[in-house]
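Right, one structure below, let's go through it.
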Amino acid sequence: MSQNSEPAPSVLYVVGTPIGHLGDLSPRAESLLAKASIIACEDTRYSGKLLKRIEAKGHRISFHKHNFRSRIPKLINLLEEGKSIAIISDAGLPGICDPGQELVAEARKNNHQVICIPGPCAATTALVSSGLPSSQFCFEGFLPPKGKHRRKRLKSIALEERTTIIYESPHRLIQLLKELHELCDECRPIQVAKELTKVHEEQIGHNLKLVLQHFLDNKPQGEFTLVLGGYKNNSEPLTDKKQLKSELNKLIRDGLSPTEAAKKLAEEIGESKRVLYSLIHEENKVSNND
Ligand code: SAM
């Protein structure tokens, strides 16, 4: 489809907008937003600045995490009436930790065409800037703020062999780094991308120990995306795996959590706590499959 025929009637456009640098709005996104009949914005006031700059004329409708359910039928009706709709979030790609996915699903269910006008995304921008393996990766978005669901996700991240990308707010960053430091080897590679595409863009690396220390010394301010290297079981083969497992089980029976047991035994015998922790996990997997 040529750019001149966009926007087409009854099409939903998912439009990527900058994550900082306004120059990152693509000419195609700018042209589409300038002409779309309806623009669904996560925050109409916030996006108002961008839309005013490009002289967008379309009617603006707020579409955020508190009202998206009631807005979806209205937007589908507008598509049915032949309107072209662009959806944007405050930054980056709609649908990536921002509203959008449910609207796209509903539009598809109703046989409307959906076209993405690609643009910046903090996750992929951080990944390719990190230097960590990028041919296979996981995106975790924001972790649950607390409780057992958070713990479960953290444990699975600790054993994930692919590079993992995590979003985090500045006031929770140190807590997250502490938890990762506790569950992973402290030499595990990590790059924290700060303020991507902005004036104070910075990369903080190279491993969990150094990065945690950096943020204990420098209060986190700005926007952050973490890129954590995958788990590698490259330790020497354990000669007496069975004995270690039995020591770990004993500590757990005595009331320690698996993490505490791995930590305690690691300190006693000078083995990596990550390796010991994965032994417990291995054990559990075997017993769950029994
Ligand atoms: N839809 C967005 C995208 O495509 O990346 C993500 C929105 S999510 C609500 C916001 C989170 O993305 C922030 O808390 C931060 O973790 C990450 N983020 C957004 N902009 C960033 C930037 N310029 N630098 C680093 N991380 C950023």
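Taking the condition of being under 23 Å from the mean Cα position of the chain (by Cα) and either among the acidic types (D, E) or buried (at least 16 other Cβ atoms within 10 Å of the Cβ) (or both), how many residues in region 67-85 meet it? Adding up the residues that qualify gives 1. Taking the criterion of being within 17 Å of S278 (Cβ to Cβ) and either out of contact with any His (no Cβ under 7 Å at 6 or more places or on another chain) or within 15 Å of the ligand (Cβ to nearest atom) (or both), the residues of region 154-168 that qualify are L154, K155, S156, I157, A158, E160, E161, R162, T164.
Each row is one residue, and each column tells you yes or no for (1) modelled with pLDDT under 95; (2) under 19 Å from Q213 (Cβ atoms); (3) of a type in the set (S, T, N, Q).
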site: L143; (1), (2), (3): no, no, no
site: K148; (1), (2), (3): yes, no, no
site: R153; (1), (2), (3): no, no, no
site: R162; (1), (2), (3): no, no, no
site: I165; (1), (2), (3): no, no, no
site: P170; (1), (2), (3): no, yes, no
site: I174; (1), (2), (3): no, yes, no
site: K178; (1), (2), (3): no, yes, no
site: C184; (1), (2), (3): yes, yes, no
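Identify, please: which residue in region 49-98 is small (G, A, S) and touching a Leu at 6+ places or on another chain (Cβ under 6 Å) and is, among those, farthest from P7 (Cα to Cα)? Here the residue is A56. Of the helices (runs of 4 or more DSSP H) entirely within region 23-101, those holding at least 3 residues that are over 16 Å from L12 (Cβ atoms) occupy 27-35, 44-53. Within region 213-232, the set of residues being more than 19 Å from the chain's Cα centre (by Cα) and at pLDDT 95 or above comprises Q213, H214, F215, L216, D217, N218, K219.
This table checks each residue for (1) more than 12 Å from the ligand (Cβ to nearest atom); (2) without any contact (Cβ under 8 Å) to a residue 60 or more places away in the chain; (3) polar (S, T, N, Q); (4) within 29 Å of L33 (Cα to Cα).
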{"site": "R60", "(1), (2), (3), (4)": "yes, yes, no, yes"}
{"site": "S89", "(1), (2), (3), (4)": "no, no, yes, yes"}
{"site": "V114", "(1), (2), (3), (4)": "yes, no, no, yes"}
{"site": "P120", "(1), (2), (3), (4)": "no, no, no, yes"}
{"site": "E140", "(1), (2), (3), (4)": "no, yes, no, no"}
{"site": "P145", "(1), (2), (3), (4)": "yes, yes, no, no"}
{"site": "P170", "(1), (2), (3), (4)": "no, yes, no, no"}
{"site": "L173", "(1), (2), (3), (4)": "no, yes, no, no"}
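Condition test on H64, is it within 16 Å of the ligand (Cβ to nearest atom) and surrounded by fewer than 18 Cβ atoms within 10 Å (Cβ to Cβ)? Spelling it out, H64 is indeed within 16 Å of the ligand (Cβ to nearest atom) and surrounded by fewer than 18 Cβ atoms within 10 Å (Cβ to Cβ).
Of the residues making up region 99-112, just one is within 13 Å of the ligand (Cβ to nearest atom) and touching a strand residue (DSSP E or B) at 6+ places or on another chain (Cβ under 7 Å), namely G100. Across region 107-148, the number of residues qualifying as charged (D, E, K, R) and closer than 30 Å to L75 by Cβ comes to 3.
Look at (1) at pLDDT below 95; (2) away from the ligand (no atom under 14 Å from the Cβ); (3) not aliphatic (A, V, I, L, M) and you find that D43 fails only one, number (2). Of all residues in region 185-207, those that are within 14 Å of the ligand (Cβ to nearest atom) have Cβ atoms under 7 Å from Cβ atoms of residues that are among the basic types (K, R), 6 or more apart or on another chain, in E201/K194; E202/K194; I204/K194.
The values are calculated or read from the model by the stated rules, or taken from the named source; none is laboratory data. Everything numeric in this text was worked out from a predicted model, so none of it was measured. Counting neighbours? That spans all protein chains shown, and the Cβs are built from the backbone with ideal geometry, glycine included.
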